[in-house]
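A quick write-up on the structure given underneath.
The values are calculated or read from the model by the stated rules, or taken from the named source; none is laboratory data. Remember, predicted model here, so these are calculated numbers, not experimental data. Ideal geometry is used to build each Cβ from the backbone, glycine not excepted, and the neighbour counts take in all protein chains shown.
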């Protein structure tokens, strides 16, 4: 995951990694934007020391679609969610999700960013919040943060077991001699018709090899 570096303004209250326990998701409520635009607005219109968000995810209008831009340094308290600023990361997706929805690239970037933050800090899926869950606001519109929590709460799919070497040797022989497709795996369950088909191919191969050997022997005898 790549995060675009943007020059920072003056920072505010510092915090430790252990303090970072929540994520609050926002939309900008605007059709376009980026860290520079929001930083300028927050400093000159709101009188803040820096942009309120820690990350901004662009939508193609103001920055490449799905680009993650770093805003306020994550080790400084944000200014994006009353009552949760001290212990949360503020992520803003550019766009108005009351009128529309985030792009696919934005959602892919959001999931990647959240997973990275969960690896680095004591953040669990139940601590991923919509702005409207902590403040009187409709932000982030129709963006379903509950679905994000549910998706990140599901355990990862188990890795398929590695077949024993002797099984792989048989599979290599079958792919070469019997021409079975490469998507068949050694421990896949097989329907009866497939097993019988392979048996038939094996029998035909054996007959062909016997014929070739017989012809070879006859030719040797004739010589």
Flag if residue 138 is over 23 Å from residue 74 (Cα atoms) and in contact with a helix residue (DSSP H, G or I) (Cβ under 8 Å, 6 or more places away or on another chain) | yes
Could you please give the count of residues in the range 103-136 that are buried (at least 20 other Cβ atoms within 10 Å of the Cβ) and part of a helix (DSSP H, G or I)?
-> 5
Check whether at least one residue in the range 197-208 is assigned to a loop (DSSP other than H, G, I, E, B), over 30 Å from residue 30 (Cα atoms), at pLDDT below 75 and out of contact with any helix residue (DSSP H, G or I) (no Cβ under 6 Å at 6 or more places or on another chain), and report yes or no.
-> no
Output for the range 137-162, where each listed residue is surrounded by fewer than 17 Cβ atoms within 10 Å (Cβ to Cβ), modelled with pLDDT of 95 or more and part of a loop (DSSP other than H, G, I, E, B) = 137, 138, 142, 144
Scanning for something within 19 Å of the chain's Cα centre (by Cα), closer than 24 Å to residue 133 by Cβ, crowded, with 21+ Cβ neighbours inside 10 Å and at pLDDT 95 or above, does the range 43-56 turn up at least one residue?
-> yes
Out of (1) closer than 23 Å to residue 13 by Cα; (2) in contact with a strand residue (DSSP E or B) (Cβ under 6 Å, 6 or more places away or on another chain), the odd one out for residue 97 is which?
-> (1)
